[in-house]
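Peer 1: Could you have a look at this structure, given as structure tokens, before my questions?
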2 protein chains.
Amino acid sequence: MSGARTHRLAALVERLVAHHLDGVLITAPPNIRYLTGFSGSNALLFASAREVHLITDFRYKTQAAVESSDVASVRIEESSLWAGLWKLLATMTGVEAIGFESAHLPHRDFQRLLEQGDRWHWRPATELVEDLRSRKDAGEVALIRAAGAIAMQALQETLSGVRAGMSELDICGDLERALRRAGSDAHPFAPIVATGPRSALPHARASTRAIAPGEFLLLDFGASTGGYCSDVTRTVVLGRADSRQRETHEAVQEANRVARVGIRAGMLGREGDALARSVLEARGMGELFGHGLGHGIGLQVHEAPRLSRLAEEVLPPGSVVTIEPGVYVPEWGGVRIEDDVHLGADGTELLTDFTRELLELS
Amino acid sequence: MSGARTHRLAALVERLVAHHLDGVLITAPPNIRYLTGFSGSNALLFASAREVHLITDFRYKTQAAVESSDVASVRIEESSLWAGLWKLLATMTGVEAIGFESAHLPHRDFQRLLEQGDRWHWRPATELVEDLRSRKDAGEVALIRAAGAIAMQALQETLSGVRAGMSELDICGDLERALRRAGSDAHPFAPIVATGPRSALPHARASTRAIAPGEFLLLDFGASTGGYCSDVTRTVVLGRADSRQRETHEAVQEANRVARVGIRAGMLGREGDALARSVLEARGMGELFGHGLGHGIGLQVHEAPRLSRLAEEVLPPGSVVTIEPGVYVPEWGGVRIEDDVHLGADGTELLTDFTRELLELS
């Protein structure tokens, strides 16, 4: 991935020039990982057209050298990363205006820039790296595809073991175990495991509620490999589904299908959202779809771009987004069907493939 | 817990008076949860001597009412929480100087205070709520004790299933499943599962490495219930331990014991650290103990106070801390034994009880 990272750093430098910045201080860990490969939790990254420095602590000495020394000069600081930054910057000439990540720097650290770093001009910047991250390269898409395959394998295994009387926490434990055995190196978020009427809560966490025959089971979870995430949802019924469950599921299935087939790079986020929403509105279920259609995924499970009624941004070529329409009826239940799709410049690719027909678990 | 939360809010108001603040804006989710019980991810909390308001979005309407309406006025905002804050503050008289959480407010949101909230005087504050959180009440200690019991149960079950050839990820999956089945409502952090020489890495994540007979297995993980965490570590050997493994384990066991028995509220953080460190130094292993002895736990898995060579702060009565000495030999392996202890005003209580003898798994 060294070539990819060199390319990313070059793209960042182009953006610095456009913003009249002599350098930039990157503090958000996912942005540091994207640019340098470093996966530790404590680091500062300084980048300019001439040099790239990663400052971290002694715990990460070996790891930083292995992950990042091909694209960055690694500096290990015994006391404070900030002390390391001031020492580093003092050695540089021609560096005056420096960008910082306004959305990712706490006020307390901003005060450090003003007080200890008063020799430089600090300029708030937003989305400098996030914009680059939204356009995935082939290596990134391959990792999300692999994370999707891990999720599908774990889903299959988990569904085959669901029995009446198991609690949401029991099912969650089986799912997490299956994800680990399939090779997931992290849970991108705590799985949502919701049974019966709790499936109407879009953010339900697993509880001690036990599933009974005839009830919905909604599983919304992801896998991770090489730092990249997948994010999928399926809703099934334990035993026989009734006609209202079938009708609701079929509507969401159709909304998912129409959006998957119709979405394209270059659309606005709200145009993507409308693909699914119009299907549900035509069936009188528009009011029951209370969230946006999806979001970008990559190193984080929620990143740019957004797909929602209010999203005016273009979906960039190369982005990977979730397609997750849902219908939620309070006190009764809900259905959501979620897939991950790569919006390539010359066509879309589905990264998560698992039946979207209504499964009735025996 | 309503009485406890009323008490916490009253203690916060006392601190506002001492800091000459008319009110405070709380933005860190764990601090909001501590003061109001609200467990959602998107909220602003404003508190003054006269009123307490929780501003959140429509997704949390029911949840916020259930969790927090006994201590706070809940306001649901359709668009932006910040717009809700300006509307709210405009209705108040006698509120001029308002504190904000300098360590938890990104620069971008600080700019909002200056630009949209320029009618008020914003004063950076740190540790206002964190200091209160470090002194646990009986209800909080009970939850950490329960989270400890869940962790012990899951550990017992996981160790009984370990066999040669299982990968760290396999074991991690079994552990996560056992935690869920025992009732853990979240994983406070990704479990550390390290075999053989990887046990020398204090922050190793589970990998595909398979365990072989005669190797160390280090498990560092936690459980959660009611939002409160436990954090424990045990190091065992698969099959028969050799003399060096025994000697290393015995040294860490003794360091753990001396620190558990000797630690008291009112000591400095560095004095607590020294209890364990002196045991290891006397055996020539001081250099191999490369991190601090422990940290506070509660709503977060790392919180105040710290136990380390450099910690000059007093360990407050009521705090709950980890005791986690370790010895790490690069390329060979490491041992860590970690327990959670409540430092009460009239004595300490061990919250995690599981054998600290060297287990040899058959």
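Peer 1: With each run of n ≥ 4 DSSP H residues scored as -39500 (n - 2.57), what mean residue ellipticity at 222 nm is computed for the protein assembly as shown after dividing by its residue count and rounding to the nearest 500 deg cm²/dmol?
Peer 2: The helix-only estimate for the protein assembly as shown comes to -11000 deg cm²/dmol at 222 nm.
Peer 1: A further question follows. Quick check on the exposure proxy: order A:Arg119, A:Arg264 from fewest to most C-beta atoms within 10 angstrom.
Peer 2: A:Arg119, A:Arg264
Peer 1: Cut-off under 12 Å on the C-alpha distance; same-chain residues fewer than 8 positions from B:Lys61 excluded. Which aspartates and glutamates are left, in chain and number order?
Peer 2: B:Glu77, B:Glu78
Peer 1: Considering Cα pairs under 8 angstrom that are at least six residues apart, work out the relative contact order of the range A:138-361 and quote it in whole percent.
Peer 2: With pairs under 8 Å counted, the relative contact order is 23 percent.
Peer 1: If you don't mind, there's one more thing I want to ask. Taking every DSSP beta bridge that has both residues in chain A, what percent is antiparallel when rounded to the nearest 5?
Peer 2: In chain A, DSSP labels about 75 percent of beta bridges as antiparallel.
Peer 1: Hey, can you grab everything whose amide H is under 5 Å from the amide H of B:Glu77? Only 5+ residues off in sequence or another chain; H modelled, so Pro and N-termini drop out.
Peer 2: Result for B:Glu77 returns B:Thr56, B:Asp57, B:Phe58.
Peer 1: Please figure out what share of the DSSP beta bridges in the range B:2-132 is antiparallel and state it in percent, rounded to the nearest 5.
Peer 2: 40
Peer 1: Still on this structure: Compute the projected area of the convex hull of the Cα atoms of the protein assembly as shown, averaged over all viewing directions, and report it in nm² to one decimal place.
Peer 2: 31.0
Peer 1: Also, quick follow-up: How crowded by other chains is A:170-176, given as the mean number of beta carbons from other chains within 10 Å of each beta carbon?
Peer 2: What the average comes to for A:170-176 is 6.
Peer 1: Connecting C-alpha atoms closer than 10 Å in a GNM of chain A, tell me which of A:Thr195, A:Thr322, A:Thr208 has the biggest fluctuation.
Peer 2: So, out of A:Thr195, A:Thr322, A:Thr208, the one fluctuating most is A:Thr208.
Peer 1: Okay, next question. Checking the a/c ratio against 1.5 first, then a/b against b/c, what shape does the Cα gyration tensor give for the range B:138-361? Let's see the in-between values first.
Peer 2: Values: a/c = 2.01, a/b = 1.20, b/c = 1.67.
Oblate.
Peer 1: Also, quick follow-up: If you count, for every residue in B:104-114, the Cβ atoms of partner chains within 10 Å of its Cβ, what is the mean?
Peer 2: Per residue, the average neighbour count from other chains is 5.
Peer 1: Follow-up. In the protein assembly as shown, what % of DSSP beta bridges are antiparallel (nearest 5)?
Peer 2: Taking every DSSP beta bridge with both residues in the protein assembly as shown, the antiparallel ones total about 75 percent.
Peer 1: Using each residue's phi in the range A:290-307, evaluate 6.51 cos²θ - 1.76 cosθ + 1.60 at θ = phi - 60° and report the 3J(HN,Hα) Karplus result to the nearest Hz, with x for Gly and Pro.
Peer 2: Calculated HN-Hα couplings, in order: x, 9, x, 6, x, 7, x, 9, x, 5, 10, 7, 10, 8, 5, x, 9, 10 Hz.
Peer 1: Kyte-Doolittle cut-off -0.5, length cut-off 15 Å along the helix's own axis using Cα: show which whole DSSP H helices in chain A pass.
Peer 2: A:2-18, A:138-160, A:269-282
Peer 1: Could the peptides B:13-20, B:103-110 be put in order, highest first, of the mean number of other beta-carbon atoms found within 10 Å of their residues?
Peer 2: Listed from highest to lowest mean packing, they are B:103-110, B:13-20.
Peer 1: How big is the gap, in Å, between the Cα center of the range B:1-69 and the Cα center of the range A:291-362?
Peer 2: Each part's Cα centre sits 34 Å from the other's.
Peer 1: Still on this model: When ranked by the protection proxy of mean other Cβ atoms within 10 Å per residue, highest first, what sequence do the peptides B:170-178, A:289-297 form?
Peer 2: Highest mean packing first, the order is B:170-178, A:289-297.
Peer 1: Still on this structure: When only C-alpha pairs under 8 Å and at least 6 residues apart count, what is the relative contact order of the range B:2-132, in percent?
Peer 2: Value for the range B:2-132: 26 percent.
Peer 1: Taking Cα centroids, how far is the range A:80-125 from the range A:218-284 in Å?
Peer 2: If you average the Cα positions of each part, the centres end up 44 Å apart.
Peer 1: Springs between alpha-carbon pairs under 10 angstrom, Gaussian network model over chain A: which of A:Leu143, A:Leu280, A:Leu113 fluctuates most?
Peer 2: Result for chain A, Cα springs under 10 Å: A:Leu113 fluctuates most.
Peer 1: How well do other chains shield peptide B:202-209, expressed as the mean number of their Cβ atoms within 10 Å of each residue Cβ?
Peer 2: Across the residues of B:202-209, the mean count of other-chain Cβ atoms within 10 Å is 2.
Peer 1: Related question: Once you order the gyration tensor axes a ≥ b ≥ c over the Cα atoms, which shape class does the range A:233-286 get: rounded for a/c under 1.5, otherwise prolate or oblate by comparing a/b with b/c? Before the final figure, lay out the partial values.
Peer 2: Values: a/c = 3.69, a/b = 2.06, b/c = 1.79.
Prolate.
Peer 1: Under 12 Å from the Cβ of B:Glu176, count the other residues' Cβ atoms, weight Lys and Arg +1, Asp and Glu -1, and hand me the total.
Peer 2: +1
Peer 1: Using Cα springs under 10 Å in a Gaussian network model of chain A, which residue among A:Thr352, A:Thr91, A:Thr248 shows the largest mean-square fluctuation?
Peer 2: Maximum fluctuation in the GNM of chain A, among the listed residues, is at A:Thr91.
Peer 1: Now for a different question. Just going by the charge dipole of the protein assembly as shown, with Lys and Arg at +1 and Asp and Glu at -1 on Cβ, which of A:Met92, A:Ala194, B:Gly266 is farthest out on the positive end?
Peer 2: Of the candidates, A:Ala194 comes out farthest on the positive side.
Peer 1: Another question about this same structure. Could you go through the range B:333-338 in sequence order and give the Karplus-derived ³J(HN,Hα) for each residue, using 6.51 cos²θ - 1.76 cosθ + 1.60 with θ = phi - 60°, rounded to whole Hz, and x for Gly and Pro?
Peer 2: x, x, 10, 9, 10, 10
Peer 1: With a sphere of radius 15 Å drawn around the Cβ of B:Phe100, what net charge do the other residues whose Cβ falls strictly inside it have (Lys, Arg +1; Asp, Glu -1)? Before the final figure, lay out the partial values.
Peer 2: On the way: positive: A:Arg108, B:Arg15, B:Arg108, B:Arg112, B:Arg119, B:Arg123; negative: A:Asp109, B:Asp22, B:Glu96, B:Glu101, B:Asp109, B:Glu115, B:Asp118, B:Glu127, B:Glu130.
Residues near B:Phe100 contribute -3 overall.
Every number here is computed from the coordinates shown, using simple stated rules; none is lab data. All values derive from a computational prediction rather than experimental measurement. Every residue, glycine among them, receives a Cβ derived from its backbone with ideal geometry; neighbour counts consider all protein chains shown.
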